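*Asks:* Below you'll find the structure I mean.
The values are calculated or read from the model by the stated rules, or taken from the named source; none is laboratory data. Just so we're clear, the structure is a prediction, and the values are computed from it rather than from any experiment. Here the Cβ positions follow ideal geometry from the backbone for every residue, glycine too, while neighbour counts run over all protein chains shown.
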Amino acid sequence: MQRSAAQHRILDAALALIADNGVGGTSLQMIADEVGVTKAAVYHQFKTKEEIVIALTERELGRLDDALEAAEAESSRPRARDVLLSRVIDMAVERRRAAARSASWAVSASLDARAGSG
């Protein structure tokens, strides 16, 4: 499914928050705050938190499916293993970078809020 840029930003923020807080510990308001939009703006893109979780699951499983397809297309088992391993590692690194960016944004926002109240 094709997603808009706004939906991708929401999904990226949701993934980082869910990684830190779990699904139950992540609210739509937290996602909105992370993206820097209103809760209504999140609702405009996704009607429920469940819809966000489903979209995240589809996206992440789609990436894994792509990696499996690439590995299956290889003619040798060692090369197939290397391709699959490389793709899965790339996915893990990408997730880690996204989490680091999210943490950096949270620290920056916290520092901005403190500077504004001082």
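*Asks:* Is it true that Arg97 is modelled with pLDDT of 90 or more and among the basic types (Lys, Arg)?
*Replies:* Taking the combined requirement at face value, the residue does not satisfy it.
*Asks:* Which of the residues that make up the range 16-29 are of a type in the set (A, V, I, L, M) and buried (at least 19 other Cβ atoms within 10 Å of the Cβ)?
*Replies:* Ala16, Leu17, Ile18 - these are the residues of the range 16-29 that are of a type in the set (A, V, I, L, M) and buried (at least 19 other Cβ atoms within 10 Å of the Cβ).
*Asks:* How many residues does the range 21-45 hold that are within 25 Å of Ala92 (Cβ to Cβ) and touching a residue at least 40 places away in the same chain (Cβ under 8 Å)?
*Replies:* 1
For (1) within 17 Å of the chain's Cα centre (by Cα); (2) of a type in the set (A, V, I, L, M, F, W, C); (3) modelled with pLDDT of 95 or more, each residue gets a yes or a no:
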position: Arg3; (1), (2), (3): yes, no, no
position: His8; (1), (2), (3): yes, no, no
position: Val37; (1), (2), (3): yes, yes, yes
position: Phe46; (1), (2), (3): yes, yes, yes
position: Ile52; (1), (2), (3): yes, yes, yes
position: Gly62; (1), (2), (3): yes, no, no
position: Ala71; (1), (2), (3): no, yes, no
position: Ser75; (1), (2), (3): no, no, no
position: Pro78; (1), (2), (3): no, no, no
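*Asks:* Filter the range 1-15 down to residues that are aliphatic (A, V, I, L, M) and in contact (Cβ under 8 Å) with a residue 40 or more places away in the chain and give me whichever is surrounded by the fewest Cβ atoms within 10 Å (Cβ to Cβ). Break it down into steps so the answer makes sense when it comes.
*Replies:* Initially, the range 1-15 is screened for residues aliphatic (A, V, I, L, M), giving 1, 5-6, 10-11, 13-15.
Narrowing further to those that are in contact (Cβ under 8 Å) with a residue 40 or more places away in the chain: 1, 10-11, 13-15.
Numbers: Met1: 7, Ile10: 26, Leu11: 22, Ala13: 24, Ala14: 24, Leu15: 21.
For the range 1-15, the residue satisfying everything is Met1.
*Asks:* Can you tell which of Thr57, Thr48 is under 25 Å from Asp90 (Cβ atoms), loosely packed, with under 12 Cβ neighbours inside 10 Å, among the hydroxyl-bearing types (Ser, Thr, Tyr) and free of Cβ contacts under 8 Å to residues at least 40 places away in the same chain?
*Replies:* Numbers: Thr48 fails: under 25 Å from Asp90 (Cβ atoms).
On inspection, the qualifying residue turns out to be Thr57.
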